[in-house]
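What follows is one structure encoded as structure tokens, with my remarks underneath.
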Amino acid sequence: MEQELEKRLDIIEKGNITVRETKEISNDPADEKERLFHALDHIIEQYSHEPGQLIRILIKAQDLFGYLPEEVQAYIALKTGVPVSEVSGVVTFYSLFKTEPKGKNVLKVCMGTACYVKGAQEIMDTLKEHLKIDEGETTPDQLFTLNSTRCVGACGLAPVVLANDQVHGEAGAAGVIKIIQAYRKGENIESKKH
Ligand code: FES
């Protein structure tokens, strides 16, 4: 199948010279990965000469990839000469770094006491079953990430589910399935009671 090609302008700093390169790239995921690592090379090149820049490199790498998988951590370690254990230690220590991809829609089930006694666990189990993922995971199509949360201060609406930080109160198992279906259809969902 013929791949769709598009032009990309790379602006690369080489010493004091700015080089502009125009390349044809495809929409192939392998090419996208290559593009991301290519961009990461430039970030590392830009910062690795300055001491103490590991965190800055990791922040930029996370902006680029969306998260910091082991492969990216190992690559940064290799290119900067910092031991992998040190890179992963920094990633684990700071909560701003994510090692798992985040879905387009983040669902959080409130597991606070009021929600728990009104069936939060059943809601969590329903979501796990329908999305076929565990808590803390993201669906392979990157559409949903499932998490739990502590009390969000809407106990009067228990059980509560947050969908992209919108509060959905009295969200029974049927209600959360409707939320998933709506997001799958690309519908915009507002906070409401179910
Ligand atoms: S316990 Fe769920 S909102 Fe308070």
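Descending by average beta-carbon neighbour count within 10 Å, the peptides 119-129, 93-103 line up as 119-129, 93-103, the highest first. Treating each Cα of the range 105-193 as an identical point scatterer and summing with the Debye formula, the log10 of I(q)/I(0) at q = 0.14, 0.24 Å⁻¹ comes to -0.40, -1.22.
Could you check how many percent of all C-alpha pairs in the range 46-112 are farther apart than 14 Å? Above the 14 Å cut-off, the range 46-112 has 60 percent of its Cα pairs. If I take R0 = 22 Å and measure r between the Cβ atoms of ASP165 and SER95 in this structure, what FRET efficiency does the formula 1/(1 + (r/R0)^6) give, to the nearest 0.05? FRET efficiency, ASP165 to SER95: 0.80.
None of the figures in this text is laboratory data; all of them are computed from the coordinates on show. Everything numeric in this text was worked out from a predicted model, so none of it was measured. Note that we place each Cβ from the backbone using ideal geometry, even for glycine, and neighbour counts take in every protein chain shown.
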